[in-house]
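Trainee: I'd like to ask you about the structure that follows.
Just so it is clear, none of the values below were taken in a lab; they were calculated from the coordinates. These numbers come from a predicted model, not from an experiment. Because the Cβ atoms are built from the backbone with ideal geometry, glycine has one as well, and the counts that use them run over all protein chains shown.
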Amino acid sequence: MTRFAIASLLGGVALTLFGMSAQPALAGKADDTLNVAFALEPEALDTYKIAGREGLILARHIYDGLLYKDLDTGEIKPALASAWRFVDPMTMEFDLREGVTFHNGAKFSADDVVYTLNTVLDPNYGTRFRISVDWIEKVEKVSDYKVRIKLAKPFAGAIEMLADALPIYPAAYFKEGGSAGMAAKPVGTGPYKLTEMTPGIRYAFERFDGHYAGSPKGKPAIGKIVVRTIPELNTQFAELLAGKLDWTWRIPPDQAARLASRVQIVNGPIMRIAYVGMTVTAKGKDYPTKNVLVRRAINHAVNREAIVKAFAGGASQVLNAACNPKQFGCAQDVAKYDFDPAKAKALLTEAGFPNGIDIEMVFAAMPRPVAEAVASDLGKAGIRVTLNEQQFAAGVQKWRAGDLPAFFTNWGSYGTGDVAFIISNFFGGGADDMVQDKEVIDLVTAADQAQDRALRQDNYAKALKKIADQAYWLPMYDFNINYGLSASLVFKPHPDEFARWWLSSWK
Amino acid sequence: MLPFLTRRLIVAVLVALAVSGIAFGLMFVAGDPAVVLAGQAGRAQDVEMIRQAYGLDRPVLIQFVAWLGRALTGNFGTSLYFNIPVAAIIGERLPVTLVLGSAAFVLAMLVAVPLGILASLKPGGWLDRFALLLAVTGQAIPSFWLGLILIVVFGVWWDMVPISGTESWRGYILPVVVLSYYAMPALMRLTRAGMIEVLGADYIRTARAKGAAQARVLLVHALRNAVLPLVSLAAVQFGLMLSGSIVIESVFAINGLGRLAWESLLRSDLPVVQAIILILSLVYVTLTTAADVINAWLDPRLRSAS
């Protein structure tokens, strides 16, 4: 019996005991405090240097961006900028909102926008994801409440990025303390201010009463938030059942089902998708996946419907295109590969492999049972897989070096609802592109750089069609998240994996 | 004694340095830290930028020497994950580990030693069987499961103690009990075995023949000789508790050094990992040295041998 199985069994016993517990109390409603638990420690709260979702969620409560995306309607709304326009294809102009105050009392103006963005786009600053700022050449002040952003390159994702992903810091405070200062004591204009922090462990927030009127985030209904790191999920469940926790997430489907009768379980789909990338071209390597018939055989061999049903559950669905259907530009009119092992075998024979093939598949950041199910299905069709679990960093290194014929992992598109943030990375000719299809690269590049949405959509659709025709990927499924909530909490999940507690309230 | 201590001190420093060096090298063998830092969404160009920004593109040996130079002046650098000084993070978490580890160690010793002595008096008796049962369960029950059960019973059902965290001293109660229960069997068994062996020795018979009281025979004559191996084991057990049981820290959401080390390893936070390894290796060598000194004090023959 594996350690995982033993842990599941014992965890199950503990959960059964939980089921015998008393009725949960009202958690934080009584003292208007939203008690939150994360399993992972949030990073330093300088948004520009964060990769993890936990830290980014907290940061969005502290800071505001120039724009805001209402995910319920898909509408881009004014935030710190009251209006914006393209002066020319390479210049964006923003009218800034007046009367906005930072948590430290400083008044918001053009200087804050200019200093913040010009600082973080300097390569020496070490902004974690260059893709978020490398499209900006510089930011200029036009007047106290007007700025211009000069683009370094045409970038269709600019608006998405400006919608809360690039927060504005108070210039004087940021200048004085730098990134470390922001990390030690974050100050923004957001709906909540940080009142107490033990880095990685405990964060206390209070509703910011000076939050500007007319903010698209609105006035939060809940007064205080306390976020703690509780790494063990079973401990989180105990807290939830004991009425000491109001919000937690990433509850595995089986445990969510057990807990559903005791607490609120809310399920929601997210932008992240699982896929198997296949190497078509790599220097000095001649993998069977170079052959389109083999790749199609792989697509036909895996019973994705059954895998999704058995392991993902919830709102997850099988994918055909190499993107998430919730993203702009994710065309669905592409080749579909039904589960058909006989056809897979026939394709292998046609490809010149009547006795099947042997390939190595590394999986990372994916549950082992899912990888084993994929490998088992492939094996039944004559594609004998050597399954190899690795840490993501090790796996992606091998992938980029061209040392892997197949890599099973997932991608979250930075929680952004635009295919630019997925297919450009994997099919745009960069280091993660083991396909290097010239036609696809050209289509993706043209779409990435166009402002015309119809043109973008058309080019992405053509690219996705070819990706599916050539079976460059085995798109698997999109993920869903189970949230565990106290009975008294109103919370709506969003597919970008950003919890918006400013929209939450008590029942 | 002084030359003995000097030699041990030199060895201690060399061991700490060697462990630090090996750990530093292994961090790179395990995977490119720049890729780990870039995260799952990091593209190849982000990785390159991080490699340069944090100096990870320099030869590993040069990086180690640079780190060592700074560490010797007390500068452990800045955490790559939290962007605050490593000393501040460790200053936050070390006290938690010290309290948890020390309390669990003291509790384990307070139970294990008297129980071991009492069990040795009548091997096979009811007390001995009870002690062995306690030892077997302590070894057999996974500590994370015991932790969860105690959480359910005392935290959820009866709401007597906090379920997680150490915001109040009551938060330490359950983790201390679980950690000590895990450490107690080996200490108890060794005390019992040592006492049974010593109690059969001629000098004990002589002491008894001379009319020495039972308590004196046990505590003065027998225990002093029986505890020699116990001292060495206790030092290692104490070290283990101070380096933190990652499992227990995870179950009870205790933010001590053990979990910090584990999390920092996973996220390739080199400065934090290195500082913790240095501290823990120093703790271990200090404890084992202290055990040797205590043993030398208890047994004059060891002194002359050293």
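Trainee: Could you list, in sequence order, all residues of the stretch A:405-419 that are more than 17 Å from residue A:281 (Cβ to Cβ), within 13 Å of another protein chain (Cβ to nearest Cβ) and not in a loop (DSSP other than H, G, I, E, B)? Don't jump to the end; show me each part of the working.
Mentor: We begin by selecting, within the stretch A:405-419, every residue more than 17 Å from residue A:281 (Cβ to Cβ); these are A:408-419.
Within this subset, residues satisfying the condition of being within 13 Å of another protein chain (Cβ to nearest Cβ) are A:409-416.
The answer is A:409, A:410, A:411, A:413, A:414, A:415.
Trainee: Taking only the stretch A:389-404 into account, find how many residues are at the interface with chain B (Cβ under 7 Å from one of its Cβ atoms) and of a type in the set (Phe, Trp, Tyr).
Mentor: Of all residues in the stretch A:389-404, those at the interface with chain B (Cβ under 7 Å from one of its Cβ atoms) come to A:391-394, A:396-397, A:400.
Subsequent filtering for residues that are of a type in the set (Phe, Trp, Tyr) retains A:392.
Residues in the stretch A:389-404 being at the interface with chain B (Cβ under 7 Å from one of its Cβ atoms) and of a type in the set (Phe, Trp, Tyr): 1 in total.
Trainee: Test residue A:48 against the stated conditions and say whether it is away from every other protein chain (no Cβ under 13 Å), of a type in the set (Phe, Trp, Tyr) and buried (at least 19 other Cβ atoms within 10 Å of the Cβ). Don't jump to the end; show me each part of the working.
Mentor: Details: away from every other protein chain (no Cβ under 13 Å): no; of a type in the set (Phe, Trp, Tyr): yes; buried (at least 19 other Cβ atoms within 10 Å of the Cβ): yes.
No, not satisfied.
Trainee: Return the residue satisfying two criteria in turn: it lies in the stretch A:66-90 and is among the small types (Gly, Ala, Ser) and more than 20 Å from residue A:496 (Cβ to Cβ), and of such residues it is surrounded by the fewest Cβ atoms within 10 Å (Cβ to Cβ).
Mentor: A:83
Trainee: State whether the residues of the stretch A:247-254 include one that is in contact with a helix residue (DSSP H, G or I) (Cβ under 6 Å, 6 or more places away or on another chain), away from every other protein chain (no Cβ under 13 Å) and not polar (S, T, N, Q).
Mentor: Keep residues of the stretch A:247-254 that are in contact with a helix residue (DSSP H, G or I) (Cβ under 6 Å, 6 or more places away or on another chain), which gives A:248.
Okay, now just the ones that are also away from every other protein chain (no Cβ under 13 Å), so none.
Within the stretch A:247-254, none of the residues are in contact with a helix residue (DSSP H, G or I) (Cβ under 6 Å, 6 or more places away or on another chain), away from every other protein chain (no Cβ under 13 Å) and not polar (S, T, N, Q).
Trainee: Name the residue, out of A:448, A:437, that is crowded, with 19+ Cβ neighbours inside 10 Å and either among the small types (Gly, Ala, Ser) or touching a helix residue (DSSP H, G or I) at 6+ places or on another chain (Cβ under 6 Å) (or both).
Mentor: Values: A:437 fails: either among the small types (Gly, Ala, Ser) or touching a helix residue (DSSP H, G or I) at 6+ places or on another chain (Cβ under 6 Å) (or both).
Checking each option against the conditions leaves just A:448.
Trainee: What are the residues in the stretch B:24-34 that are at the interface with chain A (Cβ under 9 Å from one of its Cβ atoms) and more than 10 Å from residue A:396 (Cβ to Cβ), if any? First the steps, then the outcome.
Mentor: Step one: filter the stretch B:24-34 for residues at the interface with chain A (Cβ under 9 Å from one of its Cβ atoms), giving B:30-34.
If the condition is that a residue be at the interface with chain A (Cβ under 9 Å from one of its Cβ atoms) and more than 10 Å from residue A:396 (Cβ to Cβ), then B:30, B:33, B:34 are the ones that fit.
Trainee: Something else about it: From A:238, A:183, which residue is farther than 28 Å from residue B:91 by Cα and touching a residue at least 24 places away in the same chain (Cβ under 8 Å)? Lay out the reasoning, then the answer.
Mentor: Numbers: A:183 fails: farther than 28 Å from residue B:91 by Cα.
The unique qualifying residue is A:238.
Trainee: Residues that are among the hydroxyl-bearing types (Ser, Thr, Tyr) and farther than 24 Å from residue A:469 by Cβ: find the helices (runs of 4 or more DSSP H) completely inside the stretch A:327-402 holding 2 or more of those.
Mentor: Values: elements: A:341-350, A:368-380, A:392-400.
Per the criteria, no element qualifies.
Trainee: While we're here: Being over 13 Å from the mean Cα position of the chain (by Cα) and either under 19 Å from residue B:78 (Cβ atoms) or hydrophobic (A, V, I, L, M, F, W, C) (or both) is the filter; apply it to the stretch B:229-246 and report the residue that is surrounded by the fewest Cβ atoms within 10 Å (Cβ to Cβ).
Mentor: By that ranking, first place goes to B:231.
Trainee: If the requirement is being among the hydrophobic types (A, V, I, L, M, F, W, C) and within 14 Å of another protein chain (Cβ to nearest Cβ), which of these qualifies: B:277, B:294, B:246?
Mentor: Working: B:277 fails: within 14 Å of another protein chain (Cβ to nearest Cβ); B:294 fails: within 14 Å of another protein chain (Cβ to nearest Cβ).
Only one candidate qualifies: B:246.
Trainee: Find the residue count for the stretch A:198-216, including only residues that are within 14 Å of chain B (Cβ to nearest Cβ) and over 13 Å from residue A:62 (Cα atoms).
Mentor: Step one: list which residues in the stretch A:198-216 are within 14 Å of chain B (Cβ to nearest Cβ), which gives A:198-204.
Of the ones still in play, those that are also over 13 Å from residue A:62 (Cα atoms) are A:198-202.
Of the residues in that region, 5 qualify.
Trainee: Considering the stretch A:157-189 alone, what residues qualify as being more than 29 Å from residue A:90 (Cα to Cα) and more than 14 Å from chain B (Cβ to nearest Cβ)?
Mentor: A:173, A:176, A:187
Trainee: Moving on. Residue A:176 is checked against (1) within 30 Å of residue A:259 (Cβ to Cβ); (2) surrounded by fewer than 17 Cβ atoms within 10 Å (Cβ to Cβ) and fails just one. What number does that condition carry?
Mentor: In the conditions (1) within 30 Å of residue A:259 (Cβ to Cβ); (2) surrounded by fewer than 17 Cβ atoms within 10 Å (Cβ to Cβ), residue A:176 misses (1) alone.
Trainee: So, of the residues in the stretch B:153-170 that are touching a residue at least 12 places away in the same chain (Cβ under 8 Å) and either assigned to a helix (DSSP H, G or I) or within 23 Å of residue B:109 (Cβ to Cβ) (or both), which turns out to be nearest to the other protein chains (Cβ to nearest Cβ)?
Mentor: First, pick out the residues of the stretch B:153-170 that are touching a residue at least 12 places away in the same chain (Cβ under 8 Å): B:154-155, B:161, B:163-166.
If we keep only those that are either assigned to a helix (DSSP H, G or I) or within 23 Å of residue B:109 (Cβ to Cβ) (or both) as well, we get B:154-155, B:161, B:166.
Details: B:154: 10, B:155: 6, B:161: 11, B:166: 10 Å.
It comes out as B:155.
Trainee: Please state which of the following conditions residue A:293 fails to meet, knowing it meets all the rest: (1) among the aliphatic types (A, V, I, L, M); (2) touching a helix residue (DSSP H, G or I) at 6+ places or on another chain (Cβ under 7 Å); (3) away from chain B (no Cβ under 14 Å); (4) assigned to a strand (DSSP E or B).
Mentor: Only one criterion is unmet by residue A:293, namely (4).
Trainee: List the number of the failed condition for residue A:42; all other conditions in (1) within 14 Å of chain B (Cβ to nearest Cβ); (2) surrounded by fewer than 24 Cβ atoms within 10 Å (Cβ to Cβ) hold.
Mentor: Status for residue A:42: all satisfied but (2).
Trainee: Identify the residue in the stretch B:88-118 that is within 13 Å of chain A (Cβ to nearest Cβ) and either of a type in the set (Val, Ile, Thr) or out of contact with any Gly (no Cβ under 7 Å at 6 or more places or on another chain) (or both) and, among all such residues, is farthest from residue B:181 (Cα to Cα).
Mentor: Pass one, the stretch B:88-118, residues within 13 Å of chain A (Cβ to nearest Cβ): B:88-93, B:95-96.
Filter again for either of a type in the set (Val, Ile, Thr) or out of contact with any Gly (no Cβ under 7 Å at 6 or more places or on another chain) (or both), leaving B:88-92, B:95-96.
On the way: B:88: 32, B:89: 29, B:90: 27, B:91: 28, B:92: 26, B:95: 21, B:96: 19 Å.
Filtering first and then ranking leaves B:88.
Trainee: Yes or no: the stretch B:92-109 includes at least one residue that is in a helix (DSSP H, G or I), over 20 Å from the mean Cα position of the chain (by Cα) and farther than 19 Å from residue A:200 by Cα.
Mentor: Going residue by residue through the stretch B:92-109, those that are in a helix (DSSP H, G or I) are B:92-109.
Within this subset, residues satisfying the condition of being over 20 Å from the mean Cα position of the chain (by Cα) are none.
Scanning the stretch B:92-109 turns up no residue that is in a helix (DSSP H, G or I), over 20 Å from the mean Cα position of the chain (by Cα) and farther than 19 Å from residue A:200 by Cα.
Trainee: Being within 14 Å of chain B (Cβ to nearest Cβ), among the hydrophobic types (A, V, I, L, M, F, W, C) and under 30 Å from residue A:163 (Cβ atoms) is true for just one of A:431, A:446. Which residue is that?
Mentor: Details: A:446 fails: within 14 Å of chain B (Cβ to nearest Cβ).
Among A:431, A:446, only A:431 is within 14 Å of chain B (Cβ to nearest Cβ), among the hydrophobic types (A, V, I, L, M, F, W, C) and under 30 Å from residue A:163 (Cβ atoms).
Trainee: Okay, next question. Can you say whether residue A:377 is touching a Lys or Arg at 6+ places or on another chain (Cβ under 7 Å), within 20 Å of residue A:287 (Cβ to Cβ) and of a type in the set (D, E, K, R), as far as the supplied structure shows?
Mentor: Details: touching a Lys or Arg at 6+ places or on another chain (Cβ under 7 Å): no; within 20 Å of residue A:287 (Cβ to Cβ): yes; of a type in the set (D, E, K, R): yes.
No: the conditions fail for residue A:377.
Trainee: Within the stretch A:91-118, count every residue that is buried (at least 17 other Cβ atoms within 10 Å of the Cβ), closer than 30 Å to residue A:327 by Cα and hydroxyl-bearing (Ser, Thr, Tyr).
Mentor: Selection size over the stretch A:91-118: 1.
Trainee: Counting just the residues of the stretch A:118-154 that are basic (Lys, Arg) and away from chain B (no Cβ under 14 Å), which one comes out farthest from residue A:170 (Cα to Cα)? Lay out the reasoning, then the answer.
Mentor: Step one: filter the stretch A:118-154 for residues basic (Lys, Arg), giving A:128, A:130, A:138, A:141, A:146, A:148, A:150, A:153.
Narrowing the set further to residues that are away from chain B (no Cβ under 14 Å) leaves A:138, A:141, A:146, A:148, A:150.
Values: A:138: 18, A:141: 15, A:146: 16, A:148: 18, A:150: 21 Å.
The qualifying residue farthest from residue A:170 (Cα to Cα) is A:150.
Trainee: Could I ask something else about it? Can you name every residue in the stretch B:138-147 that is more than 13 Å from residue B:177 (Cβ to Cβ), at the interface with chain A (Cβ under 10 Å from one of its Cβ atoms) and in a helix (DSSP H, G or I)?
Mentor: First, the residues of the stretch B:138-147 that are more than 13 Å from residue B:177 (Cβ to Cβ): B:139-140, B:142, B:144-145.
Filter once more, so that each one left must be at the interface with chain A (Cβ under 10 Å from one of its Cβ atoms): B:142, B:144-145.
B:144, B:145 - these are the residues of the stretch B:138-147 that are more than 13 Å from residue B:177 (Cβ to Cβ), at the interface with chain A (Cβ under 10 Å from one of its Cβ atoms) and in a helix (DSSP H, G or I).
Okay, residues lined up against (1) assigned to a helix (DSSP H, G or I); (2) in contact (Cβ under 8 Å) with a residue 24 or more places away in the chain; (3) buried (at least 20 other Cβ atoms within 10 Å of the Cβ); (4) not aliphatic (A, V, I, L, M):
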{"residue": "B:133", "(1), (2), (3), (4)": "yes, no, no, no"}
{"residue": "B:136", "(1), (2), (3), (4)": "yes, yes, no, no"}
{"residue": "B:151", "(1), (2), (3), (4)": "yes, yes, yes, no"}
{"residue": "B:179", "(1), (2), (3), (4)": "yes, yes, yes, no"}
{"residue": "B:187", "(1), (2), (3), (4)": "yes, yes, yes, no"}
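Trainee: Do you know which of the residues in the stretch B:35-78 that are assigned to a loop (DSSP other than H, G, I, E, B) and among the polar types (S, T, N, Q) is nearest to the other protein chains (Cβ to nearest Cβ)? Reasoning before the result, please.
Mentor: Residues of the stretch B:35-78 assigned to a loop (DSSP other than H, G, I, E, B): B:39-43, B:54-59, B:73-77.
Among the residues that remain, those that are also among the polar types (S, T, N, Q) are: B:40, B:73, B:75.
On the way: B:40: 5, B:73: 20, B:75: 15 Å.
For the stretch B:35-78, the residue satisfying everything is B:40.
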